[in-house]
Amino acid sequence: MSPLIGKVNRGGSFSSTIRYVLADKKKAKVVFANFVEALQDNVDNIVETFNSQAIFNHRVKKPVYHLSVSPAINDSLSEVDWSELASGLIDELGLNNHQAIAVLHQDTYFPNSNKLRKHIHRVANAVGDDAKCGNFLL
């Protein structure tokens, strides 16, 4: 597999981020989650679950860690590959005790191409189960 293209954002609103990544028009599909509410089809419950953990550390002003990842144009990943990629990112970033969800989007094309550009959005809570903030690069 070629190198992946990634983009990282930090934000303050789980509501807007989760509503974006789970939007029907994005042909969104959850491919990884490490908390049960993320596997249910209720955006409000997912947002509340993230928010209820984030409040345990009032010093964290931007608890939303949003990473989007795309493959190179010649790569083709299965749904299982995407799930393993999302899980691996959790491990590499040391976020095993942080709530996380990864959502596959299938709504865009590579520039100047008619090839579908599948990509994932991985959203994690910067506040972990221990109320500590993750050690992020951004």
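Tell me, what is the percent relative contact order of the stretch 1-111, built from C-alpha pairs under 8 Å that lie six or more residues apart?
That works out to 49 percent.
Given the Cα-Cα distance of ASN97 and ASP41 and 0.36 nm per residue of separation, how much length would full extension add, in nm?
Working it through step by step, the gained length comes to 17.9 nm.
How much mean residue ellipticity at 222 nm does the chain get from its helices, if each DSSP H run of length 4 or more adds -39500 (n - 2.57) and you divide by all residues, to the nearest 500 deg cm²/dmol?
-7500 deg cm²/dmol
Work out, step by step, the length gained on full extension between ARG19 and ALA72: first 0.36 nm times the residue separation, then minus their alpha carbon distance; give nm to one decimal.
16.4 nm
Note down the net charge around ILE120, summing +1 for each Lys or Arg and -1 for each Asp or Glu among other residues with Cβ under 12 Å from its Cβ.
My count for the surroundings of ILE120 gives +3.
Please sort 72-79, 4-11 by packing, taking for each peptide the average over its residues of neighbouring beta carbons within 10 angstrom, highest first.
The densest-packed peptide leads the list: 4-11, 72-79.
Output needed for the stretch 1-79: three equivalent-ellipsoid semi-axes, defined as square roots of 5 times the C-alpha gyration tensor eigenvalues, in descending order, whole Å.
That gives 26, 17, 11 Å for the three semi-axes.
Work out, step by step, the length gained on full extension between ILE5 and PHE56: first 0.36 nm times the residue separation, then minus their alpha carbon distance; give nm to one decimal.
In short, 15.1 nm is gained.
Using the alpha-carbon centroid of each, what span in Å lies between the stretch 71-138 and the stretch 23-69?
13
If we count every other residue with Cβ under 10 angstrom of SER70's Cβ, Lys/Arg +1 and Asp/Glu -1, where does the sum land?
+2
All of the numbers you see were taken from the coordinates with simple rules; none came from a lab. The structure displayed is predicted, hence computed values, not measured ones. Cβ sites come from the backbone with ideal geometry, for glycine too, and all protein chains shown count toward neighbours.
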